[in-house]
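Below: the structure, in C-alpha cells.
A short reminder: the numbers here are calculations on the coordinates, not readings from a lab. Quick caveat: nothing in here was measured; it's all calculated off a predicted structure. Cβ sites come from the backbone with ideal geometry, for glycine too, and all protein chains shown count toward neighbours.
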Amino acid sequence: MFLKSVKLLHEKIENHRVYPFSIPSIKEMDTLHFYEPVTFFVGENGSGKSTLLEGIAYQCGFNSASGGRNSLYTVESSIPALGEYIRLSWLPKINQGFFLRAESFYHFATYLDQLAEEDPTFGYEGYGGKSLHEQSHGEAFLSLFLNRFGSRSIYLLDEPEAALSPGRQLAFLRVIHDLSKKEEAQFIIATHSPILLGYPGAQIYNFDASPIQEIAYEETEHYQITSGFLNRRERFLEELFRIEDDED
Ligand SMILES: Nc1ncnc2c1ncn2[C@@H]1O[C@H](COP(=O)(O)OP(=O)(O)OP(=O)(O)O)[C@@H](O)[C@H]1O
C-alpha cells in the first residue's frame, strides 16, 4: 500500500459546468481513500473512471497514454483533464509503476519496437523477450503483467480485461495475488469485468454514485447482471426482449 488517497482540489476549479468537473461522479468528489492493495473503479460507460485514472497517472509521473516514468512518447495531449486538479497522498512515496490503457497499448508496443531498433541491447527485457506486436493482444498483455510487474510499484490499469480471455483473466488475478500479498504492489483498476471484480478483499468504488461511493461486489451491476444472465439465461433474455418488444 503506497497511495493512500486522492483529493480533488475544488479551490482550483473555475467552472464546475465544464468537462471534467461536470461529470457527476467528479463534480461531488472530495477525497477517495485507498486502504487495500487492490482497488477497482466501476460504473457505467462515461461515468468518469478513465478521467480520474488518467489524472492519477499524470500525478504519478507516468505517461498518460500508457507506460511508466521512462516511457517518453506521446499519443495525444499529455496533460489529462484532471491532472492539475488532484493531489495524491503517499505513505511511503514510490516512483515505480505503470499506467496501462487498453486502447493505447498498440502505441506503447510500437514505442518499444523503436527503442529496440535504436538500442540492440534492449532485448524487450521485462516485456517477454520479443516485440509485443509479435504476440497476440492477450499474450502481449499477460507477458507485460508477468514480466514487467515487480515490487514496490503502483499499477494503474484501464480495462485490462479488454485483451484477456476469461482464462487469462484468472491468470491475471493470480498475478495480482502474488504481487499484492507481499504488500509490494498496489493496483487501481478501472474495469467492467465481473471476474476481475471478484478479487477477494478488494475495495470497489462505484462511479455511478455522486459522490463516488464504495460498493460490495454482490451489489455491483456487473455481478448482478452477469449472475442473473448465467443462472437464468432463458428467462433473463425473455424478459429483456419482452421489454423491448413492448416499447416498439
Ligand atoms: N476530452 C473530453 N472532452 C469532453 N468530454 C470528455 C472528454 N473525454 C471524455 N469526456 C466525457 O467524460 C465522460 C467520462 O469519460 P470517461 O472516459 O472518464 O468514462 P469511463 O467511466 O472511463 O467510461 P468507459 O467505461 O466507457 O471507459 C464521458 O461522458 C465522456 O464522453
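FRET efficiency for Lys93 and Gln114, Cβ-Cβ distance as r, R0 = 22 Å, nearest 0.05?
0.10
Would you calculate, for the chain, the mean residue ellipticity at 222 nm contributed by helices, counting each DSSP H stretch of 4 or more residues as -39,500 (n - 2.57) and dividing by all residues, to the nearest 500?
-10500 deg cm²/dmol
What order, most packed first, do the peptides 191-200, 13-22 have when packing is the mean number of other Cβ atoms within 10 Å of each residue?
My ranking of the peptides, most packed first, is 191-200, 13-22.
Give me the Kirkwood hydrodynamic radius of the chain in Å, from all C-alpha pairs, to one decimal place?
Hydrodynamic radius (Kirkwood, Cα pairs) of the chain is 19.2 Å.
Can you sort Met1, Met29 by how many other beta carbons sit within 10 Å, fewest first?
Met1, Met29
Computed FRET efficiency, Cβ-Cβ of Glu218 and Thr31, R0 25 Å: what is it to the nearest 0.05?
0.45
Take the Cβ-Cβ distance between Ser136 and Glu11 as r, set R0 to 41 Å, and report the resulting FRET efficiency rounded to the nearest 0.05.
The computed FRET efficiency comes out at 0.30.
Structure shown: which of Lys4/Lys130; Lys4/Lys27; Lys93/Lys130; Lys7/Lys49; Lys4/Lys181; Lys12/Lys49 lie over 25 Å apart, alpha-carbon to alpha-carbon?
From Lys4/Lys130; Lys4/Lys27; Lys93/Lys130; Lys7/Lys49; Lys4/Lys181; Lys12/Lys49, over 25 Å: Lys4/Lys130; Lys93/Lys130.
Give me the one-decimal nm value for the distance between modelled label points at Leu170 and Arg152, 7 Å along each residue's Cα-to-Cβ direction.
Reported label-point gap for Leu170 and Arg152 is 3.5 nm.
Dipole of the chain, Cα-centred, from +1 at each Lys and Arg C-beta and -1 at each Asp and Glu C-beta, to the nearest 20 debye?
Computed about the Cα centre, the dipole is about 1120 debye.
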